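The structure under discussion appears below in the form of structure tokens.
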């Protein structure tokens, strides 16, 4: 018993170091997604393609759908762009874009050059809808079910593996 | 843990010689400087005009206490990242709408989770955060007690 007490500080110290190492060395600095299972927030923001057209939640009409946060300044968004184009071609799921703190001209140029996977893009220059979605970077992707409820969120590039692990499961339901 | 170390160190050398005192003093100074540098800083000079000084005070205390979600260890006022500036604008608007500190914090936690505040609410997931250090202190005291009684 006494021996255990003698080495207890060492054991506790090592245990503490191990616990801290595991939790602090996690590479993915992802925040928790608190909005899962809540309804998609209301908004009223202009369209990227047509500044005079005002978009609101009602315009995201074909559910379930993906909402993809993108911008031209976001390099990772270009990496996932071909995957989104593929998805548009091969899936029934509609993709809606949230163009995040971007320049309209540059964004339109990119869509013209690389293709436009989105039904439309919301031009969220001030990042207001982004705040309501808890967005803190791009790309981010949300899956909304047929009732308009956010079911899944992915921070970072979406590829085949992420798609199958996180999103495809909802389409089989 | 540190207390334990110092105690053990003192015991072994039988008495606090001047050399030992110097070492302990140096360690304390180093630790206190480290603690100071952890203080979040105010470095931003955006202009947020207020007509009501109370609201102004609330705004500055909030952006001091709220954390930038993109940068890992900075408050909103100390960060100039686009997301921080957007959140400052959000807080500014909410303060001007007459919302209280609690309401504004709840508003942001609803969107960004507990990460956004430096003093998260006490709930099962944050219990370790709040009471972990106290538990460790208690454990150290128990161990010290046992070791002393043995001798």
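Every number in this text was worked out from the coordinates using simple rules, so none of it is lab data. These figures come from a predicted structure and were not determined experimentally. FYI the Cβ positions are ideal-geometry reconstructions off the backbone, even for glycines, and counts take in every protein chain you see.
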Practice prompt. Measure off 7 Å from each Cα along the Cα-to-Cβ vector at residue B:89 and residue B:23, then give the distance between these two points in nanometres to one decimal.
Written response: 5.7 nm
Worksheet item: When the Debye formula is applied to the Cα atoms of the range A:121-169, each taken as the same point scatterer, what base-10 log of I(q)/I(0) results at q = 0.21, 0.28 Å⁻¹?
Response: -0.84, -1.15
Discussion item. Need the C-alpha centroid separation for the range A:1-76 versus the range B:86-114, integer Å.
Written reply: 19 Å
Worksheet item: With r defined as the distance between the Cβ atoms of residue A:149 and residue B:123 and R0 fixed at 30 Å, what FRET efficiency is calculated, to the nearest 0.05?
Response: 0.80
Practice prompt. Mind giving me the nanometre distance, one decimal, between the label points for residue A:73 and residue B:101, set 7 Å out from Cα along Cα→Cβ?
Written response: 3.2 nm
Worksheet item: Counting only the backbone N, which residues of the range A:68-91 are under 18 Å from the spot 7 Å out from the Cα of residue A:31 toward its beta-carbon?
Response: A:68-71
Item to complete: Compute the FRET efficiency between residue A:57 and residue A:24 as 1/(1 + (r/R0)^6), taking r as their Cβ-Cβ distance and R0 = 41 Å, and round to the nearest 0.05.
Response: 0.55
Discussion item. For chain A, take the longest principal axis of its alpha carbons; what is the angle in degrees between that and the long axis of helix A:75-90, to the nearest 10 within 0 to 90?
Written reply: 60 degrees
Worksheet item: Shape of chain A from its Cα gyration tensor (a ≥ b ≥ c, root eigenvalues): rounded if a/c is under 1.5, otherwise prolate when a/b > b/c, or oblate?
Response: prolate
Response to the item:
For peptide A:4-13, the mean count of other chain Cβ atoms within 10 Å per residue Cβ is 4
Practice prompt. Using only Cα atoms, find the angle between the long axis of helix A:2-24 and the longest principal axis of chain A, and express it within 0 to 90 degrees, rounded to the nearest 10.
Written response: 10 degrees
Worksheet item: Hey, what does the equivalent ellipsoid look like for the range A:80-130, semi-axes from the Cα gyration tensor as sqrt of 5 times each eigenvalue, largest first, whole Å?
Response: 20, 13, 7
Practice prompt. Please give the average number of partner chain Cβ atoms lying within 10 Å of the Cβ of each residue in B:110-118, rounded to a whole number.
Written response: 5
Discussion item. Translational diffusion coefficient of the range B:61-151 at 4 °C, 1.567 mPa s, Stokes-Einstein with Kirkwood Rh over Cα pairs, in µm²/s as a whole number.
Written reply: 84 µm²/s
